[in-house]
Structures are given as C-alpha cells and as structure tokens.
Amino acid sequence: MPVIHYADHRANPAAWARALSISTEAVELYLKCDVIDLHIDSFIWARILGYDLTKRHGHGLLGARFYSQVDLPRLREACITGGIWVITTNPLRGGKGRARAFGRNLTKLRAILESVPEEVAIVRNLTEYRAARAAHKHGAFIGVQGGNAVDTSLGEGPDAVDLLGDLIVRVTLVHLSNSRLGHTSAPGGGDGTLSNAGRSYIERLNARKIFVDLAHIHRRGFFEALEVHDKSQPIIVTHTGVSGVHKHWRNLDDEQLRAVADTGGTVGVMFHSPFLGGPLWGCKSALIADHLDHIVKTVGEDHASLGSDWDGAIITPRDMPTCLELPRLVQHLLDRRWSAERVMKVMGGNWLRTLSHLRP
C-alpha cells in the first residue's frame, strides 16, 4: 500500500502564507473552505505514460505546463477536500472498444484512489463526501468526459447501466470532437445540432441522476440540451471560461450563464491561460478571479465554482502552476472585497449545494 507524505499546513497557516507571499487571513479562510475542483484530468497521464498519482512529482519537463500539476501528495498538501476525477474518452476507438476501454479505465482509476484509503475516499453523493471530509480524507468523485464512452450501448441493453452504475457523478456530453450525441464547440464542430441519440442520452442520465455537464458542447446544442433536460435537475458546466471576460469558442456567454443558474446549477472556471485571456505560455492567476467575478456579477454568488482542468494539457497561470499555490486565488478574491461567505461558496460550497439537489 503506498504511503503519501506531505506537509500539513493546518499546523502553521502563517508559514504557508509567507511561502506564498499572501496574507495569513487568506490562508486561514482557505483552510476553512470546502475546496472542491470540478474537473481533475490527471488520470489521463496515468493511462498514457504511467504517471504515478500516488507519488509526489515536480514541475516536469515543461514547468508544470500540460501535465505534472497534480498528484495525490500535492493535492493533500494543498488541502483540496474534494474533486471530480475524470475518465476522458478516446474518440478514435469504435463504440464497443470505447465501452471496453471505459470499463478498464474505471477499474484502474478506482484501484489508484482506493490504494491510499487513509487519504482518499471515493464518494458518490453529499453524505459520502461529508463523511470523507469529517475523516480528513479527500472526497474523490468520478466523472466521464465524452459521453460517447458508452453511447452505443446506452438504451440498447444493460451494458451502459452496468458501466455507469451509481458511481459516476457526471458525464460531459461531448468533448473536443463531434460524436453521435452532438457537436463540439471547437472549431469545425458543424452546425451544433444535438442528435436524437444525444437527447435520449440526456434523458437516461436524468433518470439515473447523473449530472449532465455541458462543457465543450456547441452553443446550439447547449440550448437544445436544456430543452430536453429534466427541469427539476440542475445543469452543470464543470470547466470553462466566460466570454464576458474573454471571447473564445470554448467560453460561455452571459445567456448561457443565466440558463445554468436558472436550473440551480453551477459553472466551474478552468485554469487554461488562453481561455482565460492570457498569453499562450502562461498568464497570472488574477484572471481566474476575473472570470469568477463576472459570473457572480451576472448570475449571483451561488453559481460559480472551480473547474481547473489540471493536467488536462492546459497551461496554468505562472504564479499558480500547480495545486499547491491555490490559496493565492483566495487572496485575489479578498482583494476584490469578497466576503468570506462568498469565497467559501465559490471554493466548494456551490458544488455541494448543487450536489445536494440531485444526490443528497
């Protein structure tokens, strides 16, 4: 069984504050928060390169660009209390191959997370997260990026039900390429129409109380998904930027923000510099606060969250290259005269509220 070693910053918040050149107030507030990230993509490197998530890594060959932004020792040291760990779908596989690969990857991710039971607990709902938090463990939710992981079997038999089960908390409907479910927001994504298969897929996810995640989907498909989605369930967008700060094909506009808020859902802001509006090789973390601030000003403080996309081939802000520097974001929010209550909502409370509606 792996043993995870890390510094416990709860013992000396002032020292952590000095190391990050921020106020002790910011660190103390951070430590009071449920700190929950809605999109951690680190498992992809474990699959591709054998990146050991139970070992502590440095910044890697590219200075924590693209990868080496998170591992379990650093995540625990950063006091990140929960996160959605995603299994990203390879669209080049055939339908049956995708389903088989998903099953293998789910087994592998579970084995990694369960290999350190003193530090991590896999959780499916609010009650299980609260129990993990009380035991001072990281609450690891599991999600799927790319609903076509199991699209060919969904609705055609028991396979998809067995694969998704009640362990999967959320499914990002489409990813960076079109599928039989719908069209991506990426350039070349076509007319954006949500297919009949996509509509049926949403209905099946609703029936199983699995969150429908509309990150990556074409704007037209976004609103078509809302038409078929169960009106009693919240919609989430786990990792995105907002066009009100920086116009980009990947970012949500204000109408989309209002649509998510109207369902009671939340929007996670991701940490990729080009989507935030910074230079390709890395911006400053204050831009993350700008995007969060815009969501709050547009739809209120109950609908903004964190969705870093750590290790998802992103280029993080240079003053916040890994999870270890995350308290700097709290300092930015305090500098904007945010209340402690608002900060706590955005750092994790809004996800927990959203989660409570669907999975108490």
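The values are calculated or read from the model by the stated rules, or taken from the named source; none is laboratory data. Quick caveat: nothing in here was measured; it's all calculated off a predicted structure. Don't worry about glycine lacking a Cβ; one is built from the backbone with ideal geometry, like all the others, and counts go over all protein chains shown.
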* **Residue check, Arg130 touching an Asp or Glu at 6+ places or on another chain (Cβ under 6 Å) and either at pLDDT below 90 or not β-branched (Val, Ile, Thr) (or both)** => no
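Of everything in region 286-334 that's polar (S, T, N, Q) and in a helix (DSSP H, G or I), which residue is nearest to Val35 (Cα to Cα)?
Of the residues in region 286-334, the ones polar (S, T, N, Q) are 298, 305, 308, 316, 322, 331.
Of the ones still in play, those that are also in a helix (DSSP H, G or I) are 298, 331.
Details: Thr298: 23, Gln331: 14 Å.
For region 286-334, the residue satisfying everything is Gln331.
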* To do: Take Leu31 and decide whether it is at pLDDT 95 or above, in contact with a Lys or Arg (Cβ under 9 Å, 6 or more places away or on another chain) and not hydroxyl-bearing (Ser, Thr, Tyr).
  => yes
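Yes or no, residue by residue, for (1) surrounded by fewer than 16 Cβ atoms within 10 Å (Cβ to Cβ); (2) closer than 23 Å to Lys137 by Cα; (3) touching a residue at least 24 places away in the same chain (Cβ under 8 Å); (4) aliphatic (A, V, I, L, M):
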| position | (1), (2), (3), (4) |
| --- | --- |
| Thr54 | no, yes, yes, no |
| His57 | no, yes, no, no |
| Phe66 | no, no, yes, no |
| Leu72 | no, yes, yes, yes |
| Arg110 | yes, yes, yes, no |
* To do: Filter the helices (runs of 4 or more DSSP H) completely within region 135-239 down to those with at least 2 residues that are surrounded by fewer than 19 Cβ atoms within 10 Å (Cβ to Cβ) and at pLDDT below 95.
  => 159-164, 196-207
* Hits in region 65-101 (condition: assigned to a loop (DSSP other than H, G, I, E, B) and under 18 Å from the mean Cα position of the chain (by Cα)) -> Phe66, Tyr67, Ser68, Gln69, Val70, Asp71, Ala78, Cys79, Ile80, Thr81, Thr89
* Structure fact -> Across (1) within 17 Å of the chain's Cα centre (by Cα); (2) surrounded by fewer than 23 Cβ atoms within 10 Å (Cβ to Cβ), Val299 clears everything bar (1)
